[in-house]
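Below is one structure; the comments refer to it alone.
The values are calculated or read from the model by the stated rules, or taken from the named source; none is laboratory data. For clarity, every value in this text was computed on a predicted model and none was experimentally measured. All Cβ positions, glycine included, derive from the backbone under ideal geometry; neighbour counts span all protein chains shown.
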Amino acid sequence: MTWLVGYSLAIGVGISLGLLGGGGSVLTLPILVYVMGIAPKSAIAMTSIVVGVVSLLGLFPHSRRKQIDLKTVLIFGSSTTIGAFLGAKLAGYSFITATLQMVLFAVAMLVAAGFMILRQPRTDSSIGEPEERDPLSSYPRPVCKYCWLWLLTEGFGVGILTGLVGVGGGFAIVPALVLFGNLTMPKAIATSLAIISLNSGAGLLGYLGHVSIDWYLTGSFTLAAALGSIIGTHLAKFVPAHKLQKWFGYFLLTVASFVLIQILLN
């Protein structure tokens, strides 16, 4: 029954990725730890595989539309992958305990929830309704044309976080690509998927040899999440993402609170 619940939730992870373009890692880790009973350090490595593979699969429709900015992937992705590898290596030291990693993860979830709850879609002054065509249109315009130093700095920080706690960092990568990379929103979303895939791979390399990985569970969980992403992508045609983001933010807030309570109780 526990595994049935876990795989059902894995499909839910994929649906969230298909509908919202994010939320995979912040849901996968607590499911693996608290539902499937996987040790946190192993669960973080397994989360990297799940998120990396599902993000990679999500790239295909974007690549057909030529929305991936390879130059930005090279510049921003290079710093994030280095950071992810170093973060994973850092997690191998004894002073980085599983409890500390879960606390950092919960904090990252709270930040992600804040982005989703506080970010409001622009409204049309004439009708007062949220803009339907671009559910992420609430991001401001780019602040500069060439902000590669900012991209590299934030990329390294996001990478460290990915390596330490397994989060993909999409909630931080997308606005960075818009504000500092001068990308349009569709290109930022597509490019972020490529970067998340690279991050996940680099983080996994840093964990290999230091943690045990249940490859069967990881593969089957990834398959279930991939199935969910197909369902979510289909549902996204009928359910505007901006109508779900705020509620998903509150859901993340609830899960983060649950993780923190579990840490205090243990």
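Considering each residue of region 15-25 in turn, none proves to be out of contact with any strand residue (DSSP E or B) (no Cβ under 6 Å at 6 or more places or on another chain), surrounded by fewer than 20 Cβ atoms within 10 Å (Cβ to Cβ) and of a type in the set (Val, Ile, Thr). Taking every residue in region 1-16 that is under 10 Å from THR28 (Cα atoms) and modelled with pLDDT of 80 or more and pairing it with any residue that is assigned to a loop (DSSP other than H, G, I, E, B) and not polar (S, T, N, Q), at least 6 positions away or on another chain, the pairs with Cβ-Cβ distances below 6 Å are GLY6/MET36. Looking only at region 212-220, decide whether some residue is part of a helix (DSSP H, G or I), under 19 Å from SER63 (Cα atoms) and of a type in the set (Gly, Ala, Ser). Scanning region 212-220 turns up no residue that is part of a helix (DSSP H, G or I), under 19 Å from SER63 (Cα atoms) and of a type in the set (Gly, Ala, Ser). Take PHE85 and decide whether it is within 21 Å of ALA176 (Cα to Cα), surrounded by 20 or more Cβ atoms within 10 Å (Cβ to Cβ) and modelled with pLDDT of 90 or more. Here the answer is yes, as PHE85 does meet what is asked. For region 245-266, a residue qualifies if it is modelled with pLDDT under 85, in a helix (DSSP H, G or I) and of a type outside the set (A, V, I, L, M, F, W, C), and the qualifying residues are GLN245, LYS246, GLY249.
For region 178-199, a tally of residues being more than 18 Å from PRO61 (Cβ to Cβ), part of a helix (DSSP H, G or I) and in contact (Cβ under 8 Å) with a residue 60 or more places away in the chain returns 2.
Out of all the residues in region 106-114, is one or more more than 29 Å from ASN182 (Cα to Cα), within 16 Å of the chain's Cα centre (by Cα) and either among the charged types (D, E, K, R) or crowded, with 16+ Cβ neighbours inside 10 Å (or both)? Yes, the conditions are met somewhere in region 106-114.
A residue that is modelled with pLDDT of 80 or more, closer than 24 Å to PHE85 by Cβ and part of a loop (DSSP other than H, G, I, E, B) can be found somewhere in region 200-211.
You will find that of GLY170, GLY232, the residue that is at pLDDT 75 or above and crowded, with 17+ Cβ neighbours inside 10 Å is GLY232 and no other.
Of the residues making up region 58-73, none is at pLDDT below 90, of a type outside the set (Phe, Trp, Tyr) and within 19 Å of VAL255 (Cα to Cα). When each of LEU100, LEU9, LEU70 is tested for being aliphatic (A, V, I, L, M), buried (at least 16 other Cβ atoms within 10 Å of the Cβ) and out of contact with any Leu (no Cβ under 6 Å at 6 or more places or on another chain), the lone residue that passes is LEU9.
Among residues of region 245-266 that are under 16 Å from LEU27 (Cβ atoms), those with a beta-carbon under 7 Å from a residue that is among the hydroxyl-bearing types (Ser, Thr, Tyr) and not in a loop (DSSP other than H, G, I, E, B) at least six positions away or on a different chain give the pairs PHE248/SER16; GLN262/TYR34.
For VAL174, the criteria (1) within 19 Å of GLY157 (Cβ to Cβ); (2) more than 12 Å from the chain's Cα centre (by Cα) hold in every case but one, which is (2). Does region 54-67 include one or more residues that are crowded, with 20+ Cβ neighbours inside 10 Å and out of contact with any helix residue (DSSP H, G or I) (no Cβ under 6 Å at 6 or more places or on another chain)? No, there is no match, as no residue in region 54-67 is crowded, with 20+ Cβ neighbours inside 10 Å and out of contact with any helix residue (DSSP H, G or I) (no Cβ under 6 Å at 6 or more places or on another chain).
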